[in-house]
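Okay, so here's the structure we're looking at.
FYI, it's all coordinate maths here, none of it is from the lab. Everything quoted here is computed from the prediction, not taken from an experiment. Ideal geometry is used to build each Cβ from the backbone, glycine not excepted, and the neighbour counts take in all protein chains shown.
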Number of protein chains: 2
Amino acid sequence: MGRWEPNARGRLEQAALELYVERGYEQTPVAEIASRAGLTERTFFRHFADKREVLFAGSGRLAELCVDAVAAAPPTATPMDAVAAALDAAAGVFEERGDLVRTRQGVIDANAELRERELIKLASLSTALADALRERGADELTAGLTAETAVAVLKVAFGRWMDGGQERPLRPLLCECFDVLRTLSARGAVGAG
Amino acid sequence: MGRWEPNARGRLEQAALELYVERGYEQTPVAEIASRAGLTERTFFRHFADKREVLFAGSGRLAELCVDAVAAAPPTATPMDAVAAALDAAAGVFEERGDLVRTRQGVIDANAELRERELIKLASLSTALADALRERGADELTAGLTAETAVAVLKVAFGRWMDGGQERPLRPLLCECFDVLRTLSARGAVGAG
């Protein structure tokens, strides 16, 4: 990034999201994203591989954040505690960027290809979490199952956060999901359904 | 299906799997699948929309089977019991078709597009399970979380079944996953990792 392009990446992200909402993702060429951001296509491609990447570049950073949180959890933390800490860290980032996250999700929900990409990113997150848990000494089954469960909780809590217009913050929604999961998993759990 | 093409569908499935293994999925045209099965391309397209569909046609039937099992679970069954019954029903089908399931999985694992398709099918299964749980009176959160957890358990148990060369049947592997999940979810669970 040259100094004649301050915050080029952020401007491109903002311009892309605006255009995806206004015209639809499919109908937005990279040239227009660059133009809206007051930058060149060349600059766009210095920051993003393609227009889809604008929406998913953050997923890799999110996975890193989660992996770091698992590694940083105290040695006494259970595997489920460790992934709960990871999701809590992720939730902090989501909450900070609330409106942007909601806009991005609206774009993704409207496009089958993007929804598929989202599923792939979540599968990668699960793999990364499982690796981080094994690093802490968790056995194969514990690592895999805890990681998949964490992603299941994230999906449901995130969906509730979005559906509820972000009225309730994401963090307590995550805690609620872990609590409900505990009750649902308990043997002889009482419950309709 | 005319009576001059006995078990055309099964023959096409068998031929497709053989060719996908021998030459790779990408390198296998529909014409060769039909030819190997001793049928015409026209017959192929009467049974499958494309060569990918040969691998995933069963996913819809599997989801139906699971939904029926959730609906058929006794009224006293908890949501987690109901999805466990659904996965047990699915496992029965997988076990019956053991070698075929393994071959199919090998083809899918070797191809990114097919792995993505598999994720989409699993997401559909989760949605179908959640709907079936709501039909039984489960609230939104319970339905969504139980369904996502069921798919998480299925992924992990199925992976173990495949990795272990199917030495242990899938059903006890599923039970083990539900048991481990119960322990992992319990508050103050003791465990390294």
Among A:Gly106, A:Thr183, A:Leu141 the positive-end extreme of the charge dipole of region A:56-185 (Cβ point charges): A:Gly106
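Does region A:1-68 come out rounded, prolate or oblate by the C-alpha gyration tensor, with a ≥ b ≥ c the root eigenvalues, rounded set by a/c under 1.5 and, if not, prolate when a/b is larger than b/c and oblate if not? Don't jump to the answer; show the numbers that get you there.
Values: a/c = 2.24, a/b = 1.29, b/c = 1.74.
Oblate, because a/c is 1.5 or more while a/b does not exceed b/c.
What is the projected area of the convex hull of the Cα atoms of chain B, averaged over all directions, in nm²?
Details: hull surface 52.7 nm².
The Cα convex hull of chain B, projected and averaged over all directions, gives 13.2 nm².
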Longest segment of chain B lacking GluC sites (Glu not before Pro) that sit in a DSSP loop with at most 14 other Cβ atoms within 10 Å: B:27-166
Value of [θ]222 nm, deg cm²/dmol, for the protein assembly as shown, DSSP H segments ≥ 4, -39500 (n - 2.57) each, nearest 500: -24500 deg cm²/dmol
Mean Cα-pair separation over length for region B:69-193, i.e. relative contact order, pairs under 8 Å, 6 or more apart, %: 27
Region A:1-107: trypsin sites (Lys or Arg not before Pro) falling in loop per DSSP and having at most 13 other Cβ within 10 Å: A:Arg3, A:Arg97
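What does the charge dipole of region B:22-116 about its Cα centre add up to, to the nearest 20 debye, if the Cβ of each Lys and Arg holds +1 and the Cβ of each Asp and Glu holds -1?
Numbers: 11 positive and 16 negative charges, 66 e Å.
Approximately 320 debye in magnitude.
Quick check on the exposure proxy: order A:Val151, B:Val70 from fewest to most C-beta atoms within 10 angstrom.
Going from sparsest to densest Cβ surroundings: A:Val151, B:Val70.
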Cα pair distances exceeding 34 angstrom across the protein assembly as shown, given as percent: 37
Among B:Phe44, B:Gly165, B:Ser59 - extreme Cα towards positive end, dipole of chain B, charges at beta-carbon: B:Phe44
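Indicate the helices, whole DSSP H runs only, in chain B that combine a mean Kyte-Doolittle hydropathy of 0.0 or more with a Cα extent along their long axis of 18 angstrom or more. If you can, show how the numbers build up before the last one.
Values: long enough: B:8-23 (22 Å, -0.51); B:53-72 (29 Å, 1.08); B:79-96 (26 Å, 0.75); B:112-135 (35 Å, -0.04); B:140-163 (34 Å, 0.62); B:170-185 (22 Å, 0.74).
Helices meeting the criterion: B:53-72, B:79-96, B:140-163, B:170-185.
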Between region B:27-101 and region A:35-78, the alpha-carbon center distance in angstrom: 36
